[in-house]
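**Q** Have a look at this one.
The values are calculated or read from the model by the stated rules, or taken from the named source; none is laboratory data. Remember, predicted model here, so these are calculated numbers, not experimental data. Here the Cβ positions follow ideal geometry from the backbone for every residue, glycine too, while neighbour counts run over all protein chains shown. When the accessible area is computed, the model is the full protein with side chains, heavy atoms only, and any ligands, DNA or RNA have been set aside. Shrake-Rupley method; radii C 1.70, N 1.55, O 1.52, S 1.80 Å.
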Amino acid sequence: FLFLGLTSVTLPNALNDFQTYAFRGCSSLASLTIPTNVTSIANSAFFDTGLTNVHLPKSVTTIGSSAFHPCPELQTITVDAQNPNFKSVDGALLNKGGTLLLQCPGGKTGSYAVPDSVTTIGASAVSYCGELTSITLGTNVTTIADQAFFTCPKLTSMILTERLASLGSSVFAYCSGLTNVTLGKGLVIIGNRAFASCTKLTSFAVDPLNPAFAASDGVLFTKSLTTLVCYPGGKAGAYSIPDGVTNILGNAFESSVNLTTVVIPKSITRLPGYAFASCSSLTNITIPASITLLGDRAFVVCSSLTAVYFCGNAPALGSSFVFYNAN
């Protein structure tokens, strides 16, 4: 539709599915009755609408990813008690067995406790919840899928419980209010850009029994301290990467907005793509002779960068955009 001024729609009873982006951008659409013959709601069907509540009839069997997000006014999702596939708990949408959290309403405010029955938080399930300040994970959560908490700007802290084993990509990306994260002993997988653009994040803490990760000076490393996984986006000043580090993951320093200078040890031989992307306070950096490759867009949008010093031979470039928009 993409009708910004549309406030209500009456749908025929014969309707049986909503396709992708069916009501995209209908920001004034506050209410809608889903007909009782609808079986399928596709990905992003109600993308960026003004819906305040949704009721799913018993006929619905399939709901695509992000069907009801971002919907910043959405307060509750309810489900017909006879629906065999889905149910509602505290206004959030879960599968019938209660093991998969599919959607927390985007308008939920304050705190949200994930039910203990949940083992998986689905992709984008709690994304764009602009007024959510805290989240308590259920004791049985083992997996958090891609972008699950994407752009929750008022979320300030996160304790990742001991049974949690896997974080998907961009899980907490753009959670601009997040200040600290504690990793439990069970976490062994962290996806790419999991904490990208968390510009107030100052430190990581890791359970000492965790077999995969460790924290040193608030920076997240693999257990052996040889791979730098993520530098907190809000950590300020200069930083010297420890001499024992041999590898930096892609995007490891992305959007570290208070980082001013970096010392790279000779134990590192390459800088991956987007390694220092959007480090807006980074003014200068010295590239040791050990570095043989600068990855694609390694210093993209480093707007304060005034000097780069190369020791030894110039490294190869992953692309011509290594310093793109670095002024």
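**Q** Principal axes first, then extents: for the Cα atoms of segment 184-319, list largest minus smallest coordinate on each axis, whole Å, largest first.
**A** Here the Cα extents, ordered largest to smallest, are 42, 27, 24 Å.
**Q** Hey, if you put +1 on the Cβ of every Lys and Arg and -1 on every Asp and Glu Cβ in the chain, which of ASN85, PRO115, ALA236 ends up farthest toward the positive end of that dipole?
**A** Positive-end residue among those listed: ALA236.
**Q** In addition: Counting DSSP beta bridges in segment 1-98, what percent are antiparallel, to the nearest 5?
**A** Counting DSSP beta bridges with both partners in segment 1-98, the antiparallel share is about 35 percent.
**Q** Can you say what percent of the DSSP beta bridges in segment 58-159, counting only those with both residues inside, are antiparallel? Round to 5.
**A** If we restrict to bridges inside segment 58-159, about 45 percent are antiparallel.
**Q** Still on this structure: For ASN43 and ASN327, what is the calculated FRET efficiency with R₀ set at 25 Å and r taken between the beta-carbons, to the nearest 0.05?
**A** 0.05
**Q** Among VAL9, LEU102, PHE310, whose Cα projects farthest towards the positive end of the dipole of the chain, with charges put on the beta-carbon of Lys, Arg (+1) and Asp, Glu (-1)?
**A** Looking along the dipole axis, the top candidate is PHE310.
**Q** Sum up the charges of everything whose Cβ sits under 12 Å from the Cβ of ASN83, counting Lys and Arg as +1 and Asp and Glu as -1, but leave ASN83 out.
**A** Values: positive: LYS58, LYS87, LYS96; negative: ASP80.
Here the charged neighbours net out to +2.
**Q** Could you check how much of the accessible area of the chain is carbon and sulfur, as a whole percent, using a 1.4 Å probe?
**A** Roughly 54 percent of what the probe reaches on the chain is carbon or sulfur.
**Q** Using +1 on the beta carbon of Lys and Arg, -1 on that of Asp and Glu, and nothing else charged, what's the dipole of segment 104-240 about the Cα centre, debye to 20?
**A** In debye, rounded to 20, segment 104-240 gives about 160.
**Q** How big is the charge dipole of the chain about its Cα centre, in debye rounded to the nearest 20, if each Lys and Arg gets +1 on its Cβ and each Asp and Glu gets -1 on its Cβ?
**A** So the dipole magnitude of the chain works out to roughly 260 debye.
**Q** Mind ranking THR10, THR119, THR49 by accessible surface for me, highest first, 1.4 Å probe?
**A** THR10, THR119, THR49
**Q** Can you give the FRET efficiency to the nearest 0.05 for GLU131 and THR202, using r as the Cβ-Cβ distance and R₀ = 25 Å?
**A** Efficiency computed from Cβ-Cβ geometry: 0.60.
**Q** Here is a follow-up. Between LEU209, LEU102, LEU160, find the one with the highest GNM mean-square fluctuation for the chain; connect C-alpha pairs within less than 10 Å.
**A** Answer for the Gaussian network model of the chain: LEU209.
**Q** Say we join alpha carbon atoms closer than 10 Å with springs in a Gaussian network model of the chain; which of ALA67, ALA145, ALA316 then has the biggest fluctuation?
**A** ALA316
**Q** Show me 31-42, 173-184 ranked by packing, highest mean number of other Cβ atoms within 10 Å first.
**A** 173-184, 31-42
**Q** Take the alpha carbon atoms of segment 109-186, find their center, do the same for segment 33-59, and report the distance between the two centers in whole angstrom.
**A** If you average the Cα positions of each part, the centres end up 25 Å apart.
**Q** Please give the length that would be gained between THR227 and SER240 if that part of the chain were fully extended, namely 0.36 nm times their separation in residues minus their C-alpha to C-alpha distance (nm, one decimal).
**A** 3.3 nm
**Q** Determine the alpha carbon to alpha carbon distance for each of LYS154/LYS223; LYS154/LYS235; LYS108/LYS200 and list only those over 28 Å.
**A** LYS154/LYS223
**Q** Now, a different point. Keeping every protein chain present and rolling a 1.4 Å probe, give me the accessible area per residue for segment 200-327 in Å².
**A** Spelled out: the 1.4 Å probe surface of segment 200-327, per residue, equals 43 Å².
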